[in-house]
Structures are given as C-alpha cells and as structure tokens.
Amino acid sequence: MNEKYPKLCCGVAKWLYHWLLISIFMFAQGPRVAWAQVFNNGQMFTNGLSIINSPAPNTPFHSGATLPISIEVSGNGKLPSAALIPNSGLLTFYDALEIYLVSSQVQMNITISTGPDFLTGETGSVRHLNWFIPACIPPGLYNLTFYETGHVNGEAYFSITQIPITINNDFPQSPCSAGTNRLQPQPQPSSPLDQPPFLSNQSMAETFVTALSSSSAAPTLPTSFPPSSSVANVLVSTVTVVTTEFGLPLDNNRDHDNGHSAGQLGILPSQFL
C-alpha cells in the first residue's frame, strides 16, 4: 500500500511543476487587455471620440413616446469645437456619427439619425436628440447602435457601440416602412480604438458582456465605412463598469453640458492638437 504514495506524490509534483512553468510564462508575457465601451459615472465611454450620456443600458421605452439621446462630443471638454468638423485640419476629429435602432428578434432596422447635422447642428459640448418611437415599432429587444468614424492622431478608426434597450408596444400598428434599412448579419467589421481615449481611471474597471447575441442585425453602411482596411470583428458588445469607492454610479442618464471650451478647462493634450 505504501508503495503507491511515492508514485502519487511524483505525479502531483510533476503536475505542479508544469503548472508553475506555464504560470511563469504567462506572467512574463504581461497582461493583454482589450478594452471595450466603458460605463462610468453615468456615461458610456465608447472606443471612439463620443461619450454617450443617455440612454443607459437596458432602459425600457414605449412606442408613442420619445427616446432621449444625449452624447458628449468634446471628450468632456478635451476636444475643441473644430474637431466636430470633418477634415478640419486637426489630427483628431470626427468624420461621421450615425444612430440606428436594430433588432434581430423582430427583424427591424430603422434609421434614427444620419448625416452631418447631428454633429454640427447644435452648439455646446453635448448633442441631443429626442426621437419619437413610431407606433409601428413592434415590441422586443433592440440595440441602439452608434456608428462612428473619425481620426485620432491622424489614424482613422471605425467604432460600433451597441446599447441594449427594450421597447414595449401593446397595440402595434402596420409594419414600419419609413426609414427602414436592410439587415446585416453579425459580426460586422470595425476598426475601433484600442481603449476609450477619455476615460480617466481604467485601472478600477470590471468587464462584463451585455445581453447582445451574435445574430443581432445592423444597418447597411455607406461605402465609406469602414475607413481603413484594418478591421476587427464585432461579435458581442462588451461593457466595462468602472467602480468607485462609493460603488456603482447612481446617475444612469447623465446629461451634463459642460459649456466650456478646452482652453477654459485647462491645457488640451498635445496629441489632440
């Protein structure tokens, strides 16, 4: 009986030895972190230049009511107003920001906002849109989908940000026709930034995956999307929640227009000039 124990001990020792070697190798390689959109202090920091104030993920809405959308476009005061103008001559600027409502569950893809007016048609650092939800919208799970193209330090990017919402409709009318688009299968190609550029504290982040499936449909994009040949497949929407010493943020639909220029707030980082 006792002769089995040395064999058992040797087997365990070999397993621990190999496990230790693998652990040392993995540690030596360093962390490999891929950041996605980050929810912090009531704001959704995307892997582009935009920061979404509202709606918050998983917010319920009703047909016949409005869907309020608020987007911070200045990086919380870090970008000048000229960055909202395509080909402004800056190294960092927006090319386009478009919004769609899509659902693979009900086979719906409808345009909410397209073209340059959303970025340039309002002053201040926050862009607002109160979109009326038509009575023809069937009830179900939707992704409020933001398509953003631009340049950071002269490098082009194309980011896709999906915020899951629910739409209730007790009396759906005839199918929608105005503003509808062809559905596209997932995953869609994109070339987002490696991490949200305006997130101040990324070391306290905890990542989780939102309830979005790989079959989520997305709108047809113009031929200018994506802007570069370097793409990454978007399969699910990964959200990172940044915690503070007080726990999760309480303000889930922040809409703070800081109303200040980058110069008033302090020194604009040189990489954005």
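Where a number appears in this text, it was derived from the coordinates with a stated rule and is not lab data. Just so we're clear, the structure is a prediction, and the values are computed from it rather than from any experiment. Cβ placement follows ideal geometry from the backbone for every residue including glycine, while neighbour counts extend to all protein chains displayed.
Brief remarks on what is shown
- Amide H within-cut-off set for Gly64, under 5 Å, with H built and near neighbours excluded: Ile133, Ala135
- At full extension, Ser88 and Arg182 could sit 30.6 nm farther apart than now, given 0.36 nm per residue minus the alpha carbon distance.
- The distance between label points at Asp117 and Ala156 comes to 2.7 nm (points 7 Å beyond Cα on the Cα→Cβ vector).
- Segment Ser200..Leu129, full-extension length gain: 22.9 nm, with 0.36 nm per residue of separation and the alpha-carbon distance subtracted.
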